[in-house]
Amino acid sequence: MDKILIANRGEIALRIIEAARELGLSTVAIYSEADKNQLHVELADEAYCIGPREAEESYLNLPAIIGAADISNADAIHPGYGFMSENPHFAEVCEGHGINFIGPSSETLQLAGNKIKSKEIVKSAGVQVVPGTEEAVENKDRLKAKAEELRYPLILKAAYGGGGRGMRIVKDEDELMEGFTSSSKEAQASFGEGAMYLERYLPNPKHVEVQVIADEDGNYGHVGERECSTQRRHQKIIEEAPAPGISGETREQLREDAIKIARAFNYTSLGTVEFLVDEDENYYFIELNARIQVEHPVSEEITGVNLVKDQIKIADGGELDPDKYNNFQGHAIECRINAEDPERDFLPSAGDIKIRQLPGGNGVRLDTWIYNGITVSPYYDSLLAKLIVSGDTRYDTITKTISALRRFEISGVKTNKALHLDLLRQKEFRSGNYSITFLERFLGGSGREA
């Protein structure tokens with residue numbers, strides 16, 4: 001591997017450029033017309049415009065991406081997260097062109113993307129899954145019958161996708177019928193498939209995920225677990241590692257079962273196994289995210305490893321040392337700073353960034369693509385920055401995170417900074433015993449629209 005094309009934008013593109021440079025590799029950036037002034041365009045060794053501002057005609061335009069790889073003679077592509085990172089056809093096309101896709105194989109992506117098949121694989125590996133339908137459902141009558149068997153409340157989910165797209169909690173038949181139409185349309189738009197499935201709704205679980213890593217020689221390791229329960233509309237806002245509020249025994253079982261699941265999928269590269277953990281610490285597999293995730297830095301901070309570099313090394317035939325990842329120390333929290341307006345139902349906010357000050361100091365890390373004067377457009381994800389803070393204890397880390405957030409001062413766009421400060425000060429969050437209902441209940445109680 002000599003040259004990597006980065007099929008993404010924003011802060012993850014910058015992370016990949018940095019990791020590639022440390023490994024002595026050249027980088028190629030792609031960008032839309034709206035992103036011509038982005039930092040990844042300037043910092044990569046080469047850059048190619050692949051289309052207009054609309055994602056469908058640029059970052060989701062497979063022929064344009066492969067064309068840029070051919071023109072630049074890139075021998076590898078890193079998809080980052082989002083866009084086409086979990087698209088099995090993208091990986092398959094890369095394989096057919098002799099381009100190293102930095103991620104799992106197209107076959108693994110196909111399996112992981114099929115939520116019904118994934119549950120079958122996990123059950124065969126001896127790990128519990130959330131009770132639900134055992135096949136995709138595309139018609140309302142069959143969906144209604146299955147819902148009556150499982151009993152309400154239920155969660156309606158896309159059968160061929162994840163990340164909260166198309167997901168909806170339904171409490172009765174009317175909500176199910178209404179939700180099926182809108183959720184199926186959203187799933188069709190996001191994943192190219194509108195089929196849905198149902199799962200039993202667990203009323204107050206924690207969302208805990210385990211970062212796994214595996215090489216092509218069959219070596220598997222984990223980088224501990226992350227707590228991702230602070231979510232709004234199924235989208236994560238704050239993540240931390242290690243996960244608080246679970247026993248040591250459950251922690252070890254989750255890690256062991258995540259490795260078991262990765263082996264069952266014959267997984268290579270970085271991946272994340274996601275679980276729901278109920279109030280009695282029973283846990284259930286929900287999905288395998290076959291890519292690097294937004295929240296991977298908190299795992300890096302408690303282990304001292306560079307997961308992006310290791311992912312590239314594995315794709316280039318490198319061998320994994322599982323013992324490298326078992327050195328856990330301290331605590332880390334990540335806050336996703338988004339360009340959105342909490343006072344207007346979190347609508348995306350666009351404008352020209354003006355920076356007064358950004359956080360820094362011991363144990364404070366800011367992964368961001370913004371700089372003074374850069375325009376935030378409304379065309380892509382609203383993520384501006386990831387504030388990652390680490391400390392010796394969870395209490396110290398929360399205190400340090402609050403201080404760091406107060407130093408994050410920008411204007412030109414609205415942000416959710418104040419929401420982060422509010423959440424970190426809540427007694428429920430500080431206890432570590434919060435669940436996926438925490439943020440929605442907080443917003444409902446504050447008078448803001450949840």
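Of His222, His89, the sequence from fewest to most neighbouring Cβ atoms within 10 angstrom is His89, His222.
Could you work out how much longer the chain between Arg165 and Gln329 gets when fully extended? Use 0.36 nm per residue separation minus the Cα distance between them, nm to one decimal.
55.6 nm
Normalised by the number of residues in the chain, the mean separation of alpha-carbon contacts (under 8 Å, six or more apart) gives a relative contact order of 14 percent.
Rounding to the nearest 20 debye, state how big the charge dipole of the chain is about its Cα centre with +1 on each Lys and Arg Cβ and -1 on each Asp and Glu Cβ.
The calculated dipole for the chain is roughly 1320 debye.
Find, among the GluC sites (Glu not before Pro) in the range 351-450, those assigned to loop by DSSP (not H, G, I, E, B) with at most 11 other beta-carbon atoms within 10 angstrom.
Details: sites: Glu409, Glu428, Glu440, Glu449; in loops: Glu449.
Hits after loop and neighbour filter: Glu449.
Per residue, the convex hull spanned by the Cα atoms of the range 131-200 amounts to 68 cubic angstrom. Within straight cross-link reach of Lys171, meaning Cα distance under 25 Å, which lysines are found once same-chain residues fewer than 8 apart are removed? List returned: Lys115, Lys119, Lys140, Lys144, Lys146, Lys157, Lys185, Lys206, Lys236. The relative contact order of the range 94-165 comes to 33 percent, based on Cα pairs under 8 Å that sit 6 or more residues apart. Sorting Lys427, Lys140, Lys400, Lys3 by the number of Cβ atoms found within 10 Å of their own Cβ, with the fewest placed first, yields Lys427, Lys140, Lys3, Lys400. Between the C-alpha center of the range 57-117 and that of the range 392-408 there is a gap of 38 Å. Between Tyr395 and Met177, residue separation times 0.36 nm minus the direct Cα-Cα distance comes to 74.0 nm. Note on the range 131-199 and the range 327-345: Cα centroid distance 29 Å, given to the nearest whole angstrom.
The phi-based Karplus calculation (6.51 cos²θ - 1.76 cosθ + 1.60; θ = phi - 60°) puts the 3J(HN,Hα) values of the range 247-256 at 6, x, 5, 5, 4, 5, 5, 4, 5, 5 Hz, whole numbers, x for Gly and Pro. Among Glu175, Glu279, the order by Cβ neighbours within 10 angstrom, fewest to most, reads Glu279, Glu175. Placing one equal scatterer on every Cα of the range 50-115 and applying the Debye formula, the log10 ratio I(q)/I(0) at q = 0.23, 0.29 Å⁻¹ is -0.99, -1.35.
3J(HN,Hα) along the range 345-356: 6, 6, 5, x, 10, 10, x, 9, 6, 10, 9, 8 Hz, from the Karplus curve 6.51 cos²θ - 1.76 cosθ + 1.60 with θ = phi - 60°, whole Hz, x for Gly and Pro. Remark: relative contact order (the range 1-148) = 19 percent; criterion is Cα-Cα distance under 8 angstrom and separation of 6 or more residues. When shorter helices are ignored and each DSSP H run of at least 4 residues is given -39500 (n - 2.57), the per-residue value for the chain at 222 nm works out to -10000 deg cm²/dmol. Applied to the range 109-116, the Karplus parametrisation 6.51 cos²θ - 1.76 cosθ + 1.60 on θ = phi - 60° returns per-residue 3J(HN,Hα) values of 4, 4, 5, 5, x, 8, 5, 5 Hz, with x for Gly and Pro. The modelled label-to-label distance between Glu252 and Ala350, using points 7 Å beyond Cα along the C-beta direction, is 5.4 nm.
Throughout, read-outs are computed from the coordinates displayed, never taken from laboratory work. Computed from a predicted structure; not experimentally measured. Every residue, glycine among them, receives a Cβ derived from its backbone with ideal geometry; neighbour counts consider all protein chains shown.
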